[in-house]
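Chemist: Just passing along the structure, written as structure tokens.
None of the figures in this text is laboratory data; all of them are computed from the coordinates on show. Please read these numbers as outputs of a predicted model, since none were measured by experiment. Ideal geometry is used to build each Cβ from the backbone, glycine not excepted, and the neighbour counts take in all protein chains shown.
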Amino acid sequence: MKISAHLLAAALVAAAFTSPAQAHPHVWVTVTSEVVYDAKGAATGVRHAWKFDDMYSAFALEGLPQKTKGVFTREELAGLAEVNITSLKESDFFTFAKAGGKDAALGDASDYWLDYKDEVLTLNFMLPFKTPLKAKDLSIEVYDPSYFVSFAFAEKDAVALVGAPAQCKAAVEAPKEQSKQLSEAAFMAGNLGQTFASKIAVKCP
């Protein structure tokens, strides 16, 4: 396994082993997500695309074999994608969902791959709900509790619904100012990332 693969995986899960006093972002990720529904109108999972910052992308790819200079195919990145998905499982894929105000369990990632465009890496993967959900209110947050990795939803087209009932609507909600004021307590508790996390909010009738 290439050293760069281990380094990228380690950075994504290092939050679980970083003390609050050392918490600050080292990796920046821009998130776009799709909430996927089945033919019965139940949410079956969320499909993520995580776009890494350019500096970290260059670092992660250093030494990775490539057939064409400046180009990395999905096949060439397959080993790196597998290492990261396997490692991310330890941190619940940094994805936390609630349905009707109650925690909604997610399964293991599937259909995952890395692509490389405009000198940045994007990790794509599907996270299924363990049980399809028909809740009127569904929320999904993506954050690293220790804030080692900074996640932010894209400014445009950050969330989409796929196959959802026509009346369902989705939006990205920014954290409330009151939550930001609690950042010191969250810092000491090792959950600083959630303080600054926006969330996907899905509303269905």
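Chemist: In the neighborhood of Asp54, defined by Cβ-to-Cβ distances under 9 Å, what is the net charge if each Lys or Arg adds +1 and each Asp or Glu adds -1?
Modeler: -3
Chemist: If you look at just the Cα atoms of segment 100-177, how large are its Rg and its Dmax in Å?
Modeler: Rg, Dmax (Cα atoms, Å): 14.7, 40.
Chemist: Pull out the extension gain between Asp38 and Ser110, defined as 0.36 nm times the separation in residues minus the alpha carbon to alpha carbon distance; nm, one decimal.
Modeler: Full extension from Asp38 to Ser110 adds 24.3 nm.
Chemist: Give me a comma-separated list of calculated 3J(HN,Hα) values for segment 152-158, in order, Karplus coefficients 6.51, -1.76, 1.60 applied at θ = phi - 60°, integers in Hz, x for any Gly or Pro.
Modeler: 9, 6, 4, 5, 10, 6, 6
Chemist: For Ala104, what residues show an amide H to amide H distance below 5 Å, using hydrogens built from the backbone and excluding near sequence neighbours?
Modeler: The answer is Ala97, Lys98, Ala99.
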